[in-house]
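Visitor: Quick one: the structure is below, questions incoming.
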Amino acid sequence: MRVISKNVTDANLKGFEHVGSSRDTVSLTKKGTLKAGKPWKGRLVSALETMGLFKEYCAKTRLEMEESNRHAAWTLWNGLVRKYGIDNAKEALSKTSSSLHGMDGIKARHGIISQKEVNTSDRLTCGEVSQLMHKARNIKYARDQQMSNLHRHAPMSEHEAAFYDRKNMRTSRLSDSIKNHQRVRDFVSNKENLRFLMQDLHENPRKLNQARIDYITARLLQEVGTTRHEGVFSRDQIVRLAERALKESLEHKASWSRMQAIKITMNQRMSEPSKLSQDLITLKNEVMDEAKATVNRRYVREIGEELGFTIKAAQTHRVVKKVLRNVEKRVTKEHIYLTTDDFKQMTIEALHALY
């Protein structure tokens, strides 16, 4: 058995990069020594098992070898996730040859195969390590290129960009469910994004009709609303979800997409109120409470004086009502926090409309 590298951890994949492409089994000791090939213990155990001797020792040794192999698999996996990201690593894992089973346990854990499909007899080999690392590297490069091209083809609107800006006063305090919902809405509402994906899939852009757009929207909102994913979805993840939904839609006629969109929407309406619904109500109440505490007759008169306007009592009342209506409309439509600067700007606009 040959030693490939020492001090191997999931933060350092250099050892795995030099395993080669043979069918030798890979093992990683608890001290971090990466090895390949059949250990002398393995040959000894095989001989003893043939003679029916030292069964307890043989069973214990086999378990130790299996554990070393599993340790290598999980260390490799964690390293790929750290280096290339969970989505790229999962895609690479799903695209490795179906004849290789050394990562089956991890595939089952991430829903790539079912537990029944796990082959417990095969071990992680040098060839499987090399193939997986090669695919992860290529997928990461391809995805980075795709996102760069998408940004050039269809730059984000100011509203969409705000939902990715951690320092934006209007969006940074929003709940994850609202951010995910609005990121999907903004992405799909820009048809140029979907046209880019059609082009990327080498599909006829004429196939992108409203039925397919409605299906993609409903599918993505369902995904971000029901997933166990913690935190917010990155734009890259939303692009992946949209791409998957688009492929599903293109596998069927437009009528199928229309019916599926209706079905998803109806199921959402019939289910219990989601966290998103509750968060949107909370957001609206918070913004309206702040708006009502800020925008009153005195506030309108003071801004009017700054503008050089003389405002009658009846006019101030109308302006207050109009501003509060506009605040409610905007927070309901855009799903953002409105600040005192927004209240002031909306009041100025309402006053200008009087004169």
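The values are calculated or read from the model by the stated rules, or taken from the named source; none is laboratory data. From a predicted model like this one, the values you see are computed outputs, not experimental measurements. Reconstructed Cβ throughout: ideal geometry from the backbone, glycine too, with neighbour counts over all protein chains shown. Just the protein is used for accessible areas: all its heavy atoms, side chains included, with ligands, DNA and RNA removed. Shrake-Rupley method; radii C 1.70, N 1.55, O 1.52, S 1.80 Å.
Visitor: Could you check how many residues of region 29-42 are at pLDDT 75 or above, assigned to a loop (DSSP other than H, G, I, E, B) and of a type in the set (Lys, Arg)?
Guide: Filtering region 29-42 down to residues at pLDDT 75 or above leaves 29-37.
Remaining after also requiring assigned to a loop (DSSP other than H, G, I, E, B): 29-33, 37.
Filter once more, so that each one left must be of a type in the set (Lys, Arg): 30-31.
Here the count works out to 2.
Visitor: Within region 60-108, work out how many residues are under 30 Å from residue 232 (Cβ atoms), open to solvent by 30 Å² or more (accessible area, probe 1.4 Å) and among the hydroxyl-bearing types (Ser, Thr, Tyr).
Guide: Total satisfying the criteria: 1.
Visitor: Residue 172 passes all but one of (1) at pLDDT 95 or above; (2) of a type in the set (Gly, Ala, Ser); (3) under 27 Å from residue 84 (Cα atoms); which number fails?
Guide: It fails just one condition, (1).
Visitor: Residue 253 fails exactly one of the following numbered conditions: (1) closer than 21 Å to residue 91 by Cα; (2) surrounded by fewer than 18 Cβ atoms within 10 Å (Cβ to Cβ). What is the number of that condition?
Guide: Failed condition: (1).
Visitor: Let me ask something else about it. Can you pull out every residue in region 102-120 that is out of contact with any Ser or Thr (no Cβ under 8 Å at 6 or more places or on another chain), over 18 Å from residue 16 (Cβ atoms), touching a residue at least 12 places away in the same chain (Cβ under 8 Å) and not acidic (Asp, Glu)?
Guide: Once the filter is applied, which keeps residues that are out of contact with any Ser or Thr (no Cβ under 8 Å at 6 or more places or on another chain), over 18 Å from residue 16 (Cβ atoms), touching a residue at least 12 places away in the same chain (Cβ under 8 Å) and not acidic (Asp, Glu), region 102-120 yields 110, 118, 119, 120.
Visitor: Return the only residue of 337, 299, 355 being under 41 Å from the mean Cα position of the chain (by Cα) and among the aromatic types (Phe, Trp, Tyr). Steps first, please.
Guide: Working: 299 fails: under 41 Å from the mean Cα position of the chain (by Cα); 355 fails: under 41 Å from the mean Cα position of the chain (by Cα).
The unique qualifying residue is 337.
Visitor: Exactly one condition in (1) farther than 24 Å from residue 160 by Cβ; (2) outside any helix (DSSP H, G or I) is not met by residue 336; state its number.
Guide: For residue 336, the exception is condition (1).
Visitor: Would it be correct to say that residue 260 is part of a helix (DSSP H, G or I) and modelled with pLDDT under 95? Walk me through it before giving the result.
Guide: Numbers: part of a helix (DSSP H, G or I): yes; modelled with pLDDT under 95: no.
Answer is no for this residue.
Visitor: Name the one entry in 7, 69 that is modelled with pLDDT of 80 or more and on the phi > 0 side of the Ramachandran plot. First the steps, then the outcome.
Guide: Working: 69 fails: on the phi > 0 side of the Ramachandran plot.
None of the other options fit; the residue is 7.
Okay, residues lined up against (1) of a type in the set (Ser, Thr, Tyr); (2) open to solvent by 70 Å² or more (accessible area, probe 1.4 Å); (3) more than 30 Å from residue 151 (Cα to Cα):
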residue: 238; (1), (2), (3): no, no, no
residue: 242; (1), (2), (3): no, no, no
residue: 246; (1), (2), (3): no, no, no
residue: 267; (1), (2), (3): no, yes, yes
residue: 278; (1), (2), (3): no, yes, yes
residue: 284; (1), (2), (3): no, yes, yes
residue: 289; (1), (2), (3): no, yes, yes
residue: 293; (1), (2), (3): no, yes, yes
residue: 296; (1), (2), (3): no, no, yes
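Here is a yes/no grid of residues against (1) in contact with a His (Cβ under 9 Å, 6 or more places away or on another chain); (2) closer than 22 Å to residue 325 by Cβ; (3) not β-branched (Val, Ile, Thr):
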{"site": "266", "(1), (2), (3)": "no, no, yes"}
{"site": "276", "(1), (2), (3)": "yes, no, yes"}
{"site": "281", "(1), (2), (3)": "no, yes, no"}
{"site": "289", "(1), (2), (3)": "no, yes, yes"}
{"site": "296", "(1), (2), (3)": "no, yes, yes"}
{"site": "302", "(1), (2), (3)": "no, yes, yes"}
{"site": "305", "(1), (2), (3)": "no, no, yes"}
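Visitor: Could you please find all residues in region 3-28 being touching a residue at least 40 places away in the same chain (Cβ under 8 Å), over 10 Å from residue 126 (Cα atoms) and part of a loop (DSSP other than H, G, I, E, B)?
Guide: Passing the criteria: 8, 10, 11, 13.
Visitor: Also, I was wondering about something else. Tell me which residues, restricted to region 109-126, are in a helix (DSSP H, G or I) and open to solvent by less than 20 Å² (accessible area, probe 1.4 Å).
Guide: Narrowing region 109-126 to residues in a helix (DSSP H, G or I): 109, 115-117, 126.
The answer is 126, and nothing else.
Visitor: If residue 310 satisfies every condition in (1) more than 30 Å from residue 91 (Cβ to Cβ); (2) part of a helix (DSSP H, G or I); (3) out of contact with any helix residue (DSSP H, G or I) (no Cβ under 6 Å at 6 or more places or on another chain) but one, which is the exception?
Guide: Looking at each condition in turn, residue 310 falls short on (2).
Visitor: Of (1) crowded, with 18+ Cβ neighbours inside 10 Å; (2) within 30 Å of residue 177 (Cβ to Cβ), residue 274 satisfies all except one. Which?
Guide: Answer for residue 274: the failing condition is (1).
Visitor: Conditions first: (1) part of a helix (DSSP H, G or I); (2) exposed (fewer than 15 other Cβ atoms within 10 Å of the Cβ); (3) not small (Gly, Ala, Ser). Residue 224 passes all but one, so which condition is the exception?
Guide: (2)
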